[in-house]
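Everything on this sheet refers to the single structure shown next.
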Ligand code: CA
């Protein structure tokens, strides 16, 4: 099951997409304008956006470009929909960062297969931005984290803290270093801030919380095997 956002102003196509995507087990949200599409994409962070090229308040290509530039939506997959005769080069679609391109009128079966193929690329990390570490999966582009396949909601700061620890795994990070690298502040601010946030991050990560290890008197280390803790 994936979260799919449909941005398409033709109601009959909306209905066809909604019916068939839901029947395939997806969670579907319908919007008819570029403005609503962008808002939903930012708020809901869908796995995939089905994006019509010609919208009443703008073009799908502009929206696609905006989605790619925005940190909150960068990792979302985009499949563009276009009517025959709306001549836009396929290449332009891909240059804008679309993952696939479907010409209307489309066969529903074909569309569902393409959607599945694009979603499969996401889950296997072919985007190059998804990394798996034990039970933990991180999508840097989309700022999303999963533990044992369950999504974990992290604040922007917690996400940054997790990435910093993860990218320097197996090496001890002092509280001072974390303060300056994650918070961008000098160490004269209390280092207790670090402890508080690490504690909260660990709780949110649940089963993957064991990777964030305390190195007594020094700081923290991200490692797979807890028995290595000093
Ligand atoms: Ca349209």
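Bear in mind these aren't lab numbers, they're just calculated from the coordinates by the rules spelled out. Not measured: the values here are computed from a predicted model. Don't worry about glycine lacking a Cβ; one is built from the backbone with ideal geometry, like all the others, and counts go over all protein chains shown.
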By counting other Cβ atoms within 10 Å of each Cβ, how are 8, 153, 129, 158 ranked from fewest to most? 153, 129, 158, 8
On a 0 to 90 degree scale, rounded to 10, what angle separates helix 192-205 from the longest Cα axis of the chain? 50
Rounding to the nearest 10 and keeping the result within 0 to 90°, find how far the Cα-based axis of helix 108-123 lies from the longest principal axis of the chain. 10
Could you give P(r) for segment 128-228, binned at 5 Å from zero, as whole percent values over all Cα-Cα pairs? 2, 13, 26, 26, 19, 10, 3, 0
Return 211, 19, 101 ranked ascending by Cβ neighbour count within 10 Å, so the fewest neighbours appear first. 19, 101, 211
Taking square-rooted eigenvalues a ≥ b ≥ c of the alpha carbon gyration tensor, is segment 3-125 rounded, prolate or oblate, where a/c under 1.5 means rounded and, failing that, a/b exceeding b/c means prolate? rounded
Estimate the FRET efficiency between residue 1 and residue 69 by the formula 1/(1 + (r/R0)^6), using the beta-carbon distance for r and 45 Å for R0, to the nearest 0.05. 0.95
Between helix 60-69 and the chain: long-axis angle, C-alpha atoms, 0 to 90°, nearest 10: 10
FRET efficiency for residue 172 and residue 39, using Cβ-Cβ distance with R0 set to 35 Å, rounded to 0.05: 0.25
Please work out how much length the chain gains when fully extended from residue 110 to residue 157, using 0.36 nm per residue of separation minus the C-alpha to C-alpha distance, in nm with one decimal. 12.8 nm
